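Worksheet for the structure shown next.
The values are calculated or read from the model by the stated rules, or taken from the named source; none is laboratory data. Note that the coordinates shown come from a computational prediction; the quantities given were computed from them, not determined experimentally. In this analysis, Cβ positions are derived from the backbone assuming ideal geometry, glycine residues included, and neighbour counts consider all displayed protein chains. Only protein heavy atoms, including side chains, enter the accessible area calculation; ligands, DNA and RNA are left aside. Shrake-Rupley method; radii C 1.70, N 1.55, O 1.52, S 1.80 Å.
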Amino acid sequence: MNLVKRSLGALIPLFLFIVVISGCSSDDTGSVDVEPAIVLSPKSLTLSENASGTLTLSIVPSKETAWEISSKPDWVSVNLLSGIFRGEAIVLNISPITEGLYSGDYEGVIKITSNGLEAEVNVTLNIGEKASIGSSESSLSFGYFEDEKSFYVKNEGNVALDWSASIAESYISLIPQNSSLNPGDSIMVNAVLD
């Protein structure tokens, strides 16, 4: 009886060892199901008047797939608006378009789509105040029979400004001699010989 108990005692661990080893074997090929997704990095971008940013685009699972930017703010320029993802990350250059924008913060979203998938990245643009004035003429020359010339004064900055002008010569008048201009606005000024 002792012999049977010892034999069973030796067989049970061997049996458990075989069960454990056979339980670990698998017919699995090693593949893992991956949820399809567009992967963007970083998740948000902050731009300024003089600073662009980059956005890295990947698509998983990694296979040849068409993609496109389906929407973006008007004040953003992107070097590529669509393309084919071929398994390697795509770097997109994001640049601000500041012409005609007032000072302040602008927020928007860039949306990228591919085969029914969609991903977004938040974009913020900060524009500082900038006062700048320009003139359509750098100098005026009057002909023999001319007694009036016109030119334009323009606010080329992004903040409202007040301007005034004076002339050292007493025989020339400017009409108007001053005004207020909103960003992008201009006014015609007449130089009149008295």
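Tabulated data
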read-out	value
LYS63 - accessible surface, heavy atoms, 1.4 Å probe, Å² rounded to 10	120
Under 12 Å, Cβ to Cβ, from LEU117 - net charge with Lys/Arg +1 and Asp/Glu -1	-3
Surface share of carbon and sulfur [accessible, 1.4 angstrom probe, percent] for the stretch 64-194	44
1.4 Å probe accessible area per residue over the stretch 122-194, in Å²	65
Three semi-axes of the equivalent ellipsoid, the stretch 70-137, Cα gyration tensor, whole Å, largest first	32, 14, 10
Formal net charge of residues neighbouring PRO36 (Cβ-Cβ distance under 15 Å; K, R +1; D, E -1)	-3
Partner lysines for LYS130 [C-alpha distance under 26 Å; skip if fewer than 8 residues away on the same chain]	LYS72, LYS154
Spatial separation of Cα centroids for the stretch 128-165 and the stretch 62-78, in angstrom	41
Relative contact order, percent, the stretch 132-179 [alpha-carbon distance under 8 Å, six or more residues apart]	34
